[in-house]
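Q: Pasting in a structure now, in structure tokens, and then I'll have a few things to ask.
The values are calculated or read from the model by the stated rules, or taken from the named source; none is laboratory data. What you are looking at is a predicted structure, and each value in this text was computed from that prediction instead of being measured. In this analysis, Cβ positions are derived from the backbone assuming ideal geometry, glycine residues included, and neighbour counts consider all displayed protein chains.
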Amino acid sequence: MNTIQELRYKIFNSGSRVNLFIGINVIVFLAFNLIRVVQWLFTRQTTVYETIIDYLAVPTYTKELLFKFWTPFTYMFLHNGVFHILFNMLWLFWMGRIFEEFLNTKKLTFVYLAGGLAGAFLFIISYNFLPAFSNQVMFATAVGASAAVTAIIVATATLLPDYTISLLLFGPVKLKWIALIYIVLDIISLAGANAGGHMAHLGGAIFGFFYIKSLQNGRDWSKPFINLFKPRKKLKVVSTNYSKPHQENIHPDQKTIDEILDKISQSGYDKLTKKEKEILFRASKSNEEK
């Protein structure tokens with residue numbers, strides 16, 4: 001398998017939505033910037049690139065938004081610089097893999113898209129109703145996956161607040177502190193040059209937090225979204241195999257899963273017994289089928 005085939009497999013066939021979203025963002029970034037570079041080399045202009053970004057970035061001016069109704073979706077796959085996409089994709093990779101491990105890919109897809117929409121909503125509302133942005137509402141736009149990624153960061157930290165990861169220069173850090181610092185930095189940056197971007201981040205953070213709290217209370221906001229794209233299953237005849245132990249067919253109850261998640265929060269995944277890991281795996285596979 002050559003490098004191109006391997007990348008294509010990891011992005012589109014690995015089953016990971018983290019890989020898929022990273023792949024889409026990187027492909028879009030490279031394609032649009034290649035257009036920008038080619039035009040600049042021949043004309044010393046970047047008008048084509050600027051036109052594309054203007055067409056896909058989410059605007060705050062509501063009359064313009066009515067004619068660009070797709071932009072609250074498309075903006076979350078655009079980035080305006082190497083470091084912008086680099087840090088977004090690194091956080092998506094680190095936190096998204098934890099999210100997928102303990103919930104599932106369908107819920108991650110929902111949180112990414114809904115978190116991005118929540119960020120766009122707060123961005124638009126803020127510019128139209130807060131006096132600080134009144135002189136910018138006619139021309140302000142936003143691009144970036146930051147709101148979607150922030151939703152995943154906060155959702156993961158809310159689900160597993162004491163889960164610990166190692167950060168370069170900082171060592172072991174619990175997710176709750178990472179999310180808290182992330183949010184505090186966004187709040188104190190609201191008076192800076194990228195106020196709209198930080199407002200969008202907060203929209204994603206708010207969504208991620210309340211989504212997990214709702215999920216823990218038995219209400220899954222992602223169900224209508226998942227059911228919308230759930231393929232209809234054809235009725236098929238299957239034979240019963242009595243050779244397998246009966247307990248393999250038993251789905252773990254929510255109380256058992258919650259107890260295992262609490263143990264992970266307190267002691268880490270490595271402290272689980274083999275049986276607990278198997279229960280968590282069966283629960284994850286069961287969620288994927290729902």
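Q: Kindly establish whether Ala200 is at pLDDT below 95 and among the aliphatic types (A, V, I, L, M). Break it down into steps so the answer makes sense when it comes.
A: Values: at pLDDT below 95: no; among the aliphatic types (A, V, I, L, M): yes.
Criteria not met by Ala200.
Q: Give me the pairs: first residue in the range 196-225 and in contact (Cβ under 8 Å) with a residue 60 or more places away in the chain, second residue in a helix (DSSP H, G or I) and basic (Lys, Arg), beta-carbon distance under 6 Å, and six or more apart or on different chains, which are they?
A: Sorted first by the residue in the range 196-225, then by its partner, the pairs are Ser222/Lys107.
Q: Evaluate the range 42-49: report whether one residue or more is assigned to a helix (DSSP H, G or I), in contact with a helix residue (DSSP H, G or I) (Cβ under 7 Å, 6 or more places away or on another chain) and closer than 26 Å to Val111 by Cβ.
A: For the range 42-49, residues assigned to a helix (DSSP H, G or I), in contact with a helix residue (DSSP H, G or I) (Cβ under 7 Å, 6 or more places away or on another chain) and closer than 26 Å to Val111 by Cβ: absent.
Q: Restricting the range 214-233 to residues that are surrounded by 10 or more Cβ atoms within 10 Å (Cβ to Cβ) and small (Gly, Ala, Ser), which is modelled with the lowest pLDDT?
A: Step by step, filter the range 214-233, then rank; the result is Ser222.
Q: What helices (runs of 4 or more DSSP H) completely inside the range 77-174 contain at least 1 residues that are in contact with a Ser or Thr (Cβ under 7 Å, 6 or more places away or on another chain)?
A: On the way: elements: 82-102, 105-129, 146-159.
Hits in the range 77-174: 82-102, 105-129.
Q: If you go through the range 171-190, how many residues are farther than 16 Å from Leu160 by Cβ, more than 19 Å from the chain's Cα centre (by Cα) and surrounded by 13 or more Cβ atoms within 10 Å (Cβ to Cβ)?
A: 3
Q: If you don't mind, another one. Going by the structure shown, is Arg36 in a helix (DSSP H, G or I), over 30 Å from Ile165 (Cα atoms), among the charged types (D, E, K, R) and in the same structural domain as Thr164 (by TED's automatic domain parsing)? Lay out the reasoning, then the answer.
A: Working: in a helix (DSSP H, G or I): yes; over 30 Å from Ile165 (Cα atoms): yes; among the charged types (D, E, K, R): yes; in the same structural domain as Thr164 (by TED's automatic domain parsing): yes.
It is true that Arg36 is in a helix (DSSP H, G or I), over 30 Å from Ile165 (Cα atoms), among the charged types (D, E, K, R) and in the same structural domain as Thr164 (by TED's automatic domain parsing).
Q: Okay, next question. Cβ-Cβ under 7 Å, sequence separation 6+ or interchain: first residue in the range 95-107 and more than 10 Å from Arg17 (Cα to Cα), partner of a type in the set (Phe, Trp, Tyr) and surrounded by fewer than 24 Cβ atoms within 10 Å (Cβ to Cβ). Which pairs?
A: From residues that are more than 10 Å from Arg17 (Cα to Cα), the pairs are Ile98/Tyr163.
Q: Which ones in the range 89-116 are surrounded by fewer than 21 Cβ atoms within 10 Å (Cβ to Cβ) and within 24 Å of Leu30 (Cα to Cα)?
A: Within the range 89-116, Leu90, Trp91, Phe93, Trp94, Arg97, Thr109, Leu113 meet the criteria.
Q: Is one or more of the residues making up the range 239-255 outside any loop (DSSP other than H, G, I, E, B), at pLDDT 75 or above and either β-branched (Val, Ile, Thr) or outside the structural domain of Ala145 (by TED's automatic domain parsing) (or both)? I'd like the intermediate steps shown before the answer.
A: The initial filter retains those residues of the range 239-255 that are outside any loop (DSSP other than H, G, I, E, B), namely 246-249, 254-255.
Retained after the next criterion (residues that are at pLDDT 75 or above): none.
There is no residue in the range 239-255 that is outside any loop (DSSP other than H, G, I, E, B), at pLDDT 75 or above and either β-branched (Val, Ile, Thr) or outside the structural domain of Ala145 (by TED's automatic domain parsing) (or both).
Q: Can you tell which of Gly208, Gly268 is at pLDDT 90 or above and within 20 Å of Leu159 (Cβ to Cβ)?
A: Values: Gly268 fails: at pLDDT 90 or above.
Gly208 is the lone residue from the list that is at pLDDT 90 or above and within 20 Å of Leu159 (Cβ to Cβ).
Q: Could you tell me whether Asn194 is within 18 Å of the chain's Cα centre (by Cα) and at pLDDT below 95?
A: Values: within 18 Å of the chain's Cα centre (by Cα): no; at pLDDT below 95: yes.
Taking the combined requirement at face value, the residue does not satisfy it.
Yes/no matrix, rows are residues, columns are (1) among the aliphatic types (A, V, I, L, M); (2) in contact with a strand residue (DSSP E or B) (Cβ under 9 Å, 6 or more places away or on another chain); (3) touching a residue at least 12 places away in the same chain (Cβ under 8 Å); (4) not assigned by TED's automatic domain parsing to the domain that holds Ala114:
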residue: Arg44; (1), (2), (3), (4): no, no, no, no
residue: Pro59; (1), (2), (3), (4): no, yes, yes, no
residue: Thr62; (1), (2), (3), (4): no, no, yes, no
residue: Asn80; (1), (2), (3), (4): no, no, yes, no
residue: His84; (1), (2), (3), (4): no, no, yes, no
residue: Leu90; (1), (2), (3), (4): yes, no, no, no
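Q: Here is a follow-up. Could you check the range 64-76 and list, in sequence order, the residues that are touching a residue at least 12 places away in the same chain (Cβ under 8 Å) and assigned to a helix (DSSP H, G or I)?
A: Answer for the range 64-76, where residues must be touching a residue at least 12 places away in the same chain (Cβ under 8 Å) and assigned to a helix (DSSP H, G or I): Leu65, Thr71, Pro72, Phe73, Thr74, Tyr75, Met76.
Q: Could I ask something else about it? Under the condition of being in contact with a Pro (Cβ under 6 Å, 6 or more places away or on another chain) and of a type in the set (Val, Ile, Thr), which residue from the range 133-170 is surrounded by the fewest Cβ atoms within 10 Å (Cβ to Cβ)?
A: Just the residues of the range 133-170 that are in contact with a Pro (Cβ under 6 Å, 6 or more places away or on another chain), to begin with: 141, 164, 166.
Remaining after also requiring of a type in the set (Val, Ile, Thr): 141, 164.
Values: Thr141: 19, Thr164: 16.
Within the range 133-170, the match that is surrounded by the fewest Cβ atoms within 10 Å (Cβ to Cβ) is Thr164.
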